[in-house]
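We did not get these values from a lab; they are worked out from the coordinates using the rules stated. Keep in mind it's a predicted model, so treat the numbers as computed, not measured. Counting neighbours? That spans all protein chains shown, and the Cβs are built from the backbone with ideal geometry, glycine included.
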Amino acid sequence: MSTPEKPKCCQRIFGSYATLRVKSCSRYAVVERDGKPYCRQHDPVRVKAAQEKRDEVYRKQSEERQRVYRLQQAAPDLLEALEGIASATCEKWEMSYADFKEQFMPWARNVALAALKKAKGKTK
Ligand SMILES: [Zn+2]
């Protein structure tokens, strides 16, 4: 009479990429989920948690790529605004204070605001 065997993991896995044959996981079960035995690697709770962790990492990487992309797209406009502001405040630049206030400031403000919106990814 044989002793009852410990249950094996019920997860179906690829046995071989050459044959694409599917087989059962050969590990012993360590947990039971919804009445089914699973090894540590295939424990659905652990699998789900690992997937959520990967999704969160991917989401953060994606957000960072979008932020960098927006800044790259806005860089020429930001440079234009900064160069305009820098030259307007240059002592050699000949412009009366009235002209500076009436002509330059609205332009500089609009260019800077548009560039900042682009950099922050805002459409309005
Ligand atoms: Zn398994």
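Here is how the numbers come out for the structure above:
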{"read-out": "Relative contact order (%) - the chain, alpha-carbon pairs under 8 angstrom, separation at least six", "value": "18"}
{"read-out": "Dipole-positive endmost among Ser62, Gly121, Thr19 within the chain (Cβ charges, Cα centre)", "value": "Thr19"}
{"read-out": "Size of electric dipole in the chain: Cβ of Lys, Arg +1 and of Asp, Glu -1, about Cα centre, debye, nearest 20", "value": "1200"}
{"read-out": "Range in the chain, longest, excluding exposed GluC sites (Glu not before Pro) [loop by DSSP; at most 14 other beta-carbon atoms within 10 Å]", "value": "6-90"}
{"read-out": "Ellipticity estimate at 222 nm from DSSP helix runs (n ≥ 4, -39,500 (n - 2.57)) divided over the chain, nearest 500", "value": "-18000 deg cm²/dmol"}
{"read-out": "Degrees between helix 105-120 axis and first principal axis of the chain (Cα, 0 to 90, nearest 10)", "value": "10"}
{"read-out": "Normalised alpha carbon radius of gyration of segment 1-74 [divisor 2.2 N^0.38 Å]", "value": "1.78"}
{"read-out": "Over 30 Å between alpha carbons, listed pairs Lys48/Lys120; Lys53/Lys120; Lys8/Lys48", "value": "Lys48/Lys120"}
{"read-out": "Low-density loop positions, trypsin sites (Lys or Arg not before Pro), segment 29-87 - DSSP coil, at most 12 other Cβ in 10 Å", "value": "Arg40"}
{"read-out": "Once exposed loop chymotrypsin sites (Phe, Trp or Tyr not before Pro) are cut out (DSSP; at most 16 other Cβ, 10 Å), longest piece of the chain", "value": "18-92"}
{"read-out": "Angle in degrees between helix 44-88 and the longest Cα principal axis of the chain, rounded to the nearest 10", "value": "10"}
{"read-out": "Under 30 Å from the Cα of Lys118 - lysines, other chains or at least 8 residues apart", "value": "Lys60, Lys101"}
{"read-out": "Measure of compaction for the chain (Cα Rg per 2.2 N^0.38 Å)", "value": "2.28"}
